[in-house]
Amino acid sequence: MAEIKSVYAREVLDSRWNPTVEVELTLADWSFGRAIVPSGASTWVHEALELRDWDKSRYLGKGTLTAVKNVNTDIKAAIEWKSFANYRELDKLLIELDWTKNKSKFGANAILWVSMAFVVACAKSENKAIYDYVGEWKWHILPYPMMNILNGWSHADNNVDIQEFMVVPVWAPNFREWLRYGAEVFHNLKAILKARWLATSVWDEWWFAPNLWSNEEALQVIVEAIEKAWYTWKIKLALDVASSEFYEDGVYNLAGEWRKFNASELCGLFEDWCNKYPIISIEDGMAEDDFEWWKEMNSRLWDKIMLVWDDLFVTNIERLQMWIDQNLANSILIKLNQIGSVSETIDAINLAHEHGMRAIVSHRSGETEDTFIADLAVAMNTGFIKTGSASRTDRIAKYNQLMRIEEKLGDKAQYGKK
Ligand code: PGA
Ligand code: ZN
């Protein structure tokens, strides 16, 4: 049993200079846990609610003082000086107290981070690393990093339509070397873009966002950077198409290259790219409403790559189960704040694993120095983590934490997919 002595929330800033919530929690034995909430740009209708103040006089309405107040009043009153057997018991109480389906009473940004701070404090209390406390395995898999290095216009203001182009180093002896490969490709890509007088400033997840002639040119410049770094065949590619962003009435409008596709043509384009480039994963390839075409895309690509759904599943076991029953997915993206508690996030990963699906732990585009997701990926042996580019501390903090974990695990560290 762990008794909570105190909980306290404050408003702090995320990597985009937007306010977010930080929670500090102390157990009766003085073990201390701190957690900070990230924030997405494309928060989907089915996600748990990120509570904002909507007071235009502060941070253009994005203040989080209401969520902070919810922790410092109602949640505090309900959990201080109470004992919990584990984080599941605490989460259950918080969810019952909120009673709304999407955590809109307290805000997912209030509940989740109390839940996470509790896990951090309990791990300290048991003198364990977080990954060890959450996932009590005899061995742990270091996740392949999916490093987002070039982006399109739903996350930037360039003319590339596809949201994310990621490099995934896979052929190296260990995590530390995967990271080195990724970082060297990042620097080579910068040099290539610069030589072509293309923009090399970096955006939210610290990717490049140059104007290009086509979406395929993005794949070409990345492959060029991989070759220049001498890592041909050692690095694979992954896309987050975020296709709902450019889908309307049956048409996928790749406005940046002045082309419109129907679903069949877009599937054909992906197939063509999978044949030409070392792509191992496509996320949100078809729009959420384009139900018939998910099936078609699955039938064409299921055996070749990971077909990852982010906006459709939103880390929610009810939604995930719905699609599992129809055999419509082979991978799920996992974002803690889409569902809003640690135990529900772990349930989603377990459900995916039970059905032979891959679960990829992911950051959000607005991040912080919090490194919990690095431990979560190792705790749950997910095999993949998506946590941004090879620059700027909010993303690198996760990679650095994974290097620490790798060192600590020593010969208990395993590599490769589960
Ligand atoms: P978000 O986007 O964090 O801005 O929602 C990331 C993604 O779509 O994977
Ligand atoms: Zn996504």
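The values are calculated or read from the model by the stated rules, or taken from the named source; none is laboratory data. Fair warning: this is a prediction, and the values are worked out from it, not measured in the lab. Neighbour counts are summed over all protein chains in view; Cβ atoms, including those assigned to glycine, are modelled from backbone coordinates with ideal geometry. We work out accessible area using only protein heavy atoms, side chains counted, and drop any ligands, DNA or RNA first. Shrake-Rupley method; radii C 1.70, N 1.55, O 1.52, S 1.80 Å.
Among the listed pairs K138/K234; K5/K128; K234/K335; K56/K103; K56/K124, which are separated by more than 31 Å between their Cα atoms?
Correct reply: K56/K124.
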Fill in: Efficiency of FRET from Cβ geometry, Y415 and L97, R₀ 51 Å, rounded to 0.05
0.75
Worksheet item: In the stretch 289-368, what trypsin sites (Lys or Arg not before Pro) fall in a loop by DSSP, with at most 11 other Cβ atoms inside 10 Å?
Response: none
Worksheet item: Using a 1.4 Å probe on the protein chains only, how many percent of the accessible area of the stretch 212-308 belongs to carbon and sulfur?
Response: 50
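Pairs of alpha-carbon atoms within less than 8 angstrom and 6+ residues apart define the contacts here; what relative contact order does the stretch 1-107 have, in percent?
Details: 171 pairs, mean separation 34.0, N = 107.
Normalised by residue count, the contact order of the stretch 1-107 is 32 percent.
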Worksheet entry | Theoretical FRET efficiency, 1/(1+(r/R0)^6), r = Cβ-Cβ of K76 and T200, R0 45 Å, to 0.05 | 0.45
Worksheet item: Counting only residues 5 or more places away or on other chains, whose amide H sits under 5 Å from the amide H of K236 once H atoms are built in the peptide plane?
Response: V168, V170
Fill in: Calculated from backbone phi, Karplus (6.51, -1.76, 1.60) coupling profile of the stretch 215-225 in Hz, x at Gly/Pro
5, 5, 4, 4, 4, 5, 5, 5, 4, 4, 5
Worksheet item: Rounded to the nearest 0.05, what FRET efficiency do S104 and F291 have when you use their Cβ-Cβ distance and R0 = 30 Å?
Response: 0.65
Fill in: Neighbourhood charge, 10 Å Cβ-Cβ cut-off, centred on S343 and excluding it, Lys, Arg +1 and Asp, Glu -1
-2
Discussion item. From the gyration tensor of the Cα coordinates in the stretch 253-377, what semi-axes in whole Å does the equivalent ellipsoid have, largest first, with each one equal to sqrt(5λ)?
Written reply: 27, 17, 14
Worksheet entry | Net +/- balance of residues flanking F32 in space, Cβ distance below 12 Å, scoring K and R +1, D and E -1 | +1
Fill in: the chain: angle of helix 87-98 to the longest principal axis, Cα-based, in degrees nearest 10
90
Discussion item. Please give me the summed charge of the neighbours of K103: other residues whose Cβ is under 12 Å from its Cβ, Lys and Arg +1, Asp and Glu -1.
Written reply: -4
Practice prompt. Taking a cut-off of 14 Å between Cα atoms, list the aspartates and glutamates near K295, but don't count ones fewer than 8 places away on the same chain.
Written response: D284, D303, D325
Discussion item. If each residue of separation counts as 0.36 nm, what is the full-extension length gain between H355 and W258 once their alpha-carbon separation is subtracted?
Written reply: 30.9 nm
